[in-house]
Amino acid sequence: MDKMIAGFPDQLREAVEIGKQIQLKNIPNPLSSVYIAGMGGSGIGGDFVAEWVYDKCPVPIIVGKGYRLPAWVHPPAMAIVSSYSGNTEETLSVYRQLQERKVPIIALTSGGQLHQYANASGTDSVLVPDNWSSPRACLGFSIVEQSYILQQLGLIDNFFERDFLNAADLLEKETEAIRMLAEEIAGQLVDKFTMIYALEGMEPVALRFRQQLNENSKTRAAHFCVPEMNHNELVGWKKQDNHLAIVYFLSDYDSERNRKRVAISREIMAPLAHSVFELHAKGNSKIEQALYLVYLGDWISWYLAKARGMDSIEVDVIDFLKKSLSEK
Ligand code: PA5
């Protein structure tokens, strides 16, 4: 896993090369909305991309995680179906429903049944390399290819390519410093329940870190977003709990009002937790800053796995669940 995390900058570069080659056959016109279906490590890419195009894309981009397909998803809507393995039950179920409703689909996968179905039915597909052992380590492919797909659909300009390449350079340059900081923070998260906070516009960063703590570090954690948590979760902070560690992800793209909210909330929360960490993003664009925090969070999750004596690659329980379900 450390090799895969260290390979993230190069993965971004490789993903850009793949993205430049994407040639979609079916581009609906008009196009009312895009539904992105995917689970876990293949679902979170959609969260990031939807956030980055929030103030740019003229139609709704909605991410769905599960078996169901909302009633509004009918042509002229279209869908991106994302599964790294191509064999995830929920995602394949959505794929079939989309076909029944004749919704144009773009399959984003490294192979598996999704690739077979897409080939058999002439569905547009974007293939990413199949030699990465963990879908969550393929976030770079997922976010970059989905950005190019939205560009090809005519929904956004190519504002992202330079940001992804700059992010790759930034992360490479900062790797040593990031790893040192990550190791230090991870050392203080051992045996703690981590409460993770990001501000509006950066929520996927908090979600990613929570999922990486779950899957890489084999620990439980919770994540929340400001300002929404000011209206509910904050009320739960009444009693001292020394098992709690707080992590705030902060960026230059946080609004002034939300920063004030964090400052006030922190006064309430910090005395009741064991420790508080503020992680500040670096980079010259929203994408760079988000990916800086992702990379830092990924390294923290790896050092935490190491400190806890956990194998950061295995997800035996997910495999067990998938296998048990396939037998039923
Ligand atoms: O990171 C993981 O291994 C999981 O979260 C998977 O991404 C998830 O189970 C879905 O599988 P796939 O990405 O192959 O569709």
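The values are calculated or read from the model by the stated rules, or taken from the named source; none is laboratory data. In this text, all values refer to a predicted model and were calculated from it rather than measured experimentally. Cβ: placed from backbone, ideal geometry, glycine included. Neighbour counts: every protein chain shown. Just the protein is used for accessible areas: all its heavy atoms, side chains included, with ligands, DNA and RNA removed. Shrake-Rupley method; radii C 1.70, N 1.55, O 1.52, S 1.80 Å.
A few notes on this one:
- Nearest-ten-degree value, helix 256-269 long axis tilted from longest Cα axis of the chain: 50 degrees
- Expressed to the nearest 5 percent, the antiparallel share of DSSP beta bridges inside the chain is 0 percent.
- Placing unit charges on the Cβ atoms only, positive for Lys and Arg and negative for Asp and Glu, gives the chain a dipole magnitude near 800 debye about its Cα centre.
- Each of D130 and E267 was given a label point 7 Å from its Cα along the Cα-to-Cβ line. The distance between the two points is 5.8 nm.
- Helix axis angle, 8-21 relative to the chain longest principal axis, alpha carbon, degrees: 20 degrees
- Shape class of the stretch 173-307 from the Cα gyration tensor (axes a ≥ b ≥ c, square roots of the eigenvalues): oblate, since a/c reaches 1.5 or more and a/b does not exceed b/c.
- With all pairs of different C-alpha atoms in the average, the Kirkwood value for the hydrodynamic radius of the chain is 20.4 Å.
- Counting only DSSP H runs of at least 4 residues, each contributing -39500 (n - 2.57), and dividing by the residue count of the chain, the helix-based mean residue ellipticity at 222 nm comes to -15500 deg cm²/dmol.
- Element breakdown for the stretch 240-328 at a 1.4 angstrom probe: carbon and sulfur atoms account for 55% of the accessible area.
- Under-5 Å amide H pairs with L244, H placed in peptide plane, nonlocal only: F193, H274
- Phi angles of the stretch 151-165 translate, via the Karplus equation with coefficients 6.51, -1.76, 1.60 and θ = phi - 60°, into HN-Hα couplings of 5, 4, 6, x, 8, 9, 7, 7, 7, 8, 4, 5, 4, 5, 5 Hz per residue; Gly and Pro are given as x.
- In sequence order, calculated HN-Hα J values of the stretch 292-309 (Karplus, 6.51, -1.76, 1.60; Hz; x Gly/Pro): 4, 5, 4, 5, 4, x, 4, 5, 4, 4, 6, 5, 5, 4, 4, 4, 8, x
- Farthest toward positive dipole pole in the chain [+1 Lys/Arg, -1 Asp/Glu at C-beta], among A118, L69, G43: L69
- Gained length - N26 relative to R220, 0.36 nm times residue gap less alpha-carbon distance: 65.6 nm
- Helix 316-327 vs. the chain, principal-axis angle (Cα, 0 to 90°, nearest 10): 40 degrees
- Dipole of the stretch 173-307, positive direction: furthest Cα of S255, L181, P227, with charges on the beta-carbon: P227
- If only the Cβ of Lys and Arg carry +1 and only the Cβ of Asp and Glu carry -1, the dipole of the stretch 186-292 around its Cα centre is close to 180 debye.
- Choice from G19, G201, G122 showing the highest fluctuation, given a GNM over the chain with Cα pairs closer than 10 Å: G122
- As a size descriptor, the averaged projected area of the C-alpha convex hull of the stretch 1-130 was calculated at 8.1 nm².
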